[in-house]
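Chemist: Mind having a look at this structure? Questions to follow.
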Amino acid sequence: MFETIDALDIYNKNVNILIGAGASADLFPTLSLKVKDAQGRRETVETLSHRFESFKSMRTALFMHYYNKCIYPVQNFSPEFVFAGEEDLNIKNYECFIKTLIGLMERRKDLNRKINIFTTNYDGCLAHCSDSLLQEDVYDFIINDGASGFFKKYLNAKNFNTFQCQTGVFERSSYGIPQINIIHVHGSIYWLRNNDKIEVDYSKDFKSFLSSNDIERIKEFSDYICTEGGYTENIPAVEFSQQEIDSFWCKYNQLPIVNPTKWKFHETVFEEHYYQMLRLLSYELEKPNSILITFGFSFADEHILRLVQRSLSNPSLQTYICCYDSNAAVKLKREFGSWRNIQIIAPPEGEVLDFTNFNKYVFSLKPEKYESTENLGDL
């Protein structure tokens, strides 16, 4: 059966959620590739980038693939164009997740009703789905992405420390409005550099900086690394001139997201914010009676891995690490096995802990009871 995170145990504590690519896996490709190395281990964009470090054309082809398959679909995404199917289910999962957070905060009596979502995803799913729920005019909550302003909104870390409350007509009573802080630690496609500030603009109209000729030239390369049965040594070669390589990287390096080669930003202003957000995560986890729930996050970012491990020295911090499958659970037990204030949540044999099962069985105000399909078959 699935282990449950009891809402009654955590609703009145300092709740922090850390989500990664697994939350948007049905919408956007992850860093994982289909090809395997000589030892049979599956490659990722990160591992291949290290292998191609001295091969400029191949490394350029890899990141052209990464931009075309992983980044541009995020830039071009709009929930209005999601049709019924896995994509639509993923959006509904985000909405279900947000409703659970609102329900937790509504149970609190404090004025300060906040929950922090730290995400390494640079998509706008949380913002889009929150806005969709607000349009229904049923849920009273605030979504805070750290930006403030009117015609132009600029990001500032101090904005995550604010909250709003409503007062009665004669100001004899106050009510804290539930607030969800969305904290993009790896950047967001809706960010852009404006002098020494980060501007946030959800109305941006993105155009791919890859030409149809670029996409055609990497097609064989791209198809091969995304097809089962291939090996690293057999990846088709691609050649670019130095001018073509320089032109691509000039555009790519302007993206306001962490580069998966070393998990670093290229722009100093974005990198400064990255470390500010890591400090904020560390600060939140050091508070008394704190909760950390991770989902869809592999801890590939070593900065975050070490930060969470250090934070576990706080005896009042309780951490729940939700693993996609048993293999992920084994790996993370090796990383966190020596701490007692941590709970590794893995799916039952033969199941996976995807977003649907997470909302249904693990993190819900009224979690359902899991029934194995094997048991059902015996009836």
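The values are calculated or read from the model by the stated rules, or taken from the named source; none is laboratory data. Since this is a predicted model, take the numbers as computed values, not measurements. Reconstructed Cβ throughout: ideal geometry from the backbone, glycine too, with neighbour counts over all protein chains shown.
Chemist: Does segment 163-201 hold any residues that are in a loop (DSSP other than H, G, I, E, B), at pLDDT below 90 and of a type outside the set (D, E, K, R), and which are they? Walk me through how you get there before you give the answer.
Modeler: Within segment 163-201, the subset in a loop (DSSP other than H, G, I, E, B) is 163-164, 168-173, 177-178, 185-186, 188-190, 195-196, 201.
So of that shortlist, the ones also at pLDDT below 90 come out as 163-164, 168-173, 195-196.
Listed by number, the residues that qualify are PHE163, GLN164, GLY168, VAL169, PHE170, SER173, ASN195.
Chemist: Within segment 329-374, how many residues are within 25 Å of LEU285 (Cβ to Cβ) and either among the acidic types (Asp, Glu) or under 20 Å from the mean Cα position of the chain (by Cα) (or both)? Talk me through it step by step, then tell me what you get.
Modeler: Filtering segment 329-374 down to residues within 25 Å of LEU285 (Cβ to Cβ) leaves 329-346, 353, 355, 358-359, 362-365, 367.
Keeping just the survivors that are either among the acidic types (Asp, Glu) or under 20 Å from the mean Cα position of the chain (by Cα) (or both) gives 329, 331-332, 335, 344-346, 353, 355, 358-359, 362-364.
Looking only at that region, the number is 14.
Chemist: A follow-up question, please. Against the definition (surrounded by 15 or more Cβ atoms within 10 Å (Cβ to Cβ) and under 25 Å from GLU46 (Cβ atoms)), how does LEU285 come out, yes or no? Spell out the reasoning first.
Modeler: Working: surrounded by 15 or more Cβ atoms within 10 Å (Cβ to Cβ): yes; under 25 Å from GLU46 (Cβ atoms): no.
No; evaluated as a whole, the condition is false for this residue.
Chemist: What is the one condition in (1) surrounded by 15 or more Cβ atoms within 10 Å (Cβ to Cβ); (2) closer than 29 Å to ILE257 by Cβ; (3) touching a Ser or Thr at 6+ places or on another chain (Cβ under 8 Å) that ALA346 does not satisfy?
Modeler: All conditions pass for ALA346, except number (2).
Chemist: Here's something else I'd like to know. Mind telling me which of the residues ASN112, ASN159 ends up being over 30 Å from LYS69 (Cα atoms), in a helix (DSSP H, G or I) and in contact with a Gly (Cβ under 9 Å, 6 or more places away or on another chain)? It would help to see each step written out before you state the result.
Modeler: Numbers: ASN112 fails: in a helix (DSSP H, G or I).
Result of the check over ASN112, ASN159: ASN159.
Chemist: Within the set of pairs 6 or more residues apart or between chains, which connect a residue that is closer than 11 Å to ASN12 by Cα and in contact (Cβ under 8 Å) with a residue 24 or more places away in the chain inside segment 93-111 to a residue that is small (Gly, Ala, Ser) and surrounded by 16 or more Cβ atoms within 10 Å (Cβ to Cβ) with Cβ atoms less than 7 Å apart?
Modeler: LEU104/ALA7; ASP110/GLY176
Chemist: Ok, one more. Quickly run through segment 27-49 and pick out the residues that are loosely packed, with under 15 Cβ neighbours inside 10 Å, in contact (Cβ under 8 Å) with a residue 60 or more places away in the chain and in a loop (DSSP other than H, G, I, E, B).
Modeler: Correct list: ASP37, ALA38.
Chemist: Let me ask something additional. For segment 273-287, check the following and say yes or no: at least one residue is touching a residue at least 60 places away in the same chain (Cβ under 8 Å), within 23 Å of ASP9 (Cβ to Cβ), out of contact with any Pro (no Cβ under 7 Å at 6 or more places or on another chain) and not in a helix (DSSP H, G or I).
Modeler: Among the residues of segment 273-287, at least one is touching a residue at least 60 places away in the same chain (Cβ under 8 Å), within 23 Å of ASP9 (Cβ to Cβ), out of contact with any Pro (no Cβ under 7 Å at 6 or more places or on another chain) and not in a helix (DSSP H, G or I), which makes the answer yes.
Chemist: Within the set of pairs 6+ apart or on separate chains, which have a first residue in segment 1-23 that is within 21 Å of LEU280 (Cα to Cα), a second that is of a type in the set (D, E, K, R) and not in a loop (DSSP other than H, G, I, E, B), and C-beta atoms under 7 Å apart?
Modeler: ASN14/GLU284; ASN16/GLU284
Chemist: Could you check segment 202-242 and list, in sequence order, the residues that are under 27 Å from the mean Cα position of the chain (by Cα) and in a loop (DSSP other than H, G, I, E, B)?
Modeler: Hits for segment 202-242 are TYR202, SER203, LYS204, ASP205, PHE206, LYS207, SER208, PHE209, LEU210, CYS226, THR227, GLU228.
Chemist: Restricting attention to segment 112-140, which residues are among the hydrophobic types (A, V, I, L, M, F, W, C) and either touching a residue at least 40 places away in the same chain (Cβ under 8 Å) or crowded, with 21+ Cβ neighbours inside 10 Å (or both)?
Modeler: Applying the first criterion (among the hydrophobic types (A, V, I, L, M, F, W, C)) to segment 112-140 yields 115, 117-118, 125-127, 129, 133-134, 138.
Selection gives ILE115, ILE117, PHE118, CYS125, LEU126, ALA127, CYS129.
Chemist: Out of all the residues in segment 52-68, which are crowded, with 17+ Cβ neighbours inside 10 Å and basic (Lys, Arg)?
Modeler: The answer is ARG59, and nothing else.
Chemist: Do we find that SER174 is of a type in the set (Gly, Ala, Ser) and surrounded by 21 or more Cβ atoms within 10 Å (Cβ to Cβ) in this structure?
Modeler: Values: of a type in the set (Gly, Ala, Ser): yes; surrounded by 21 or more Cβ atoms within 10 Å (Cβ to Cβ): no.
The answer is no for SER174.
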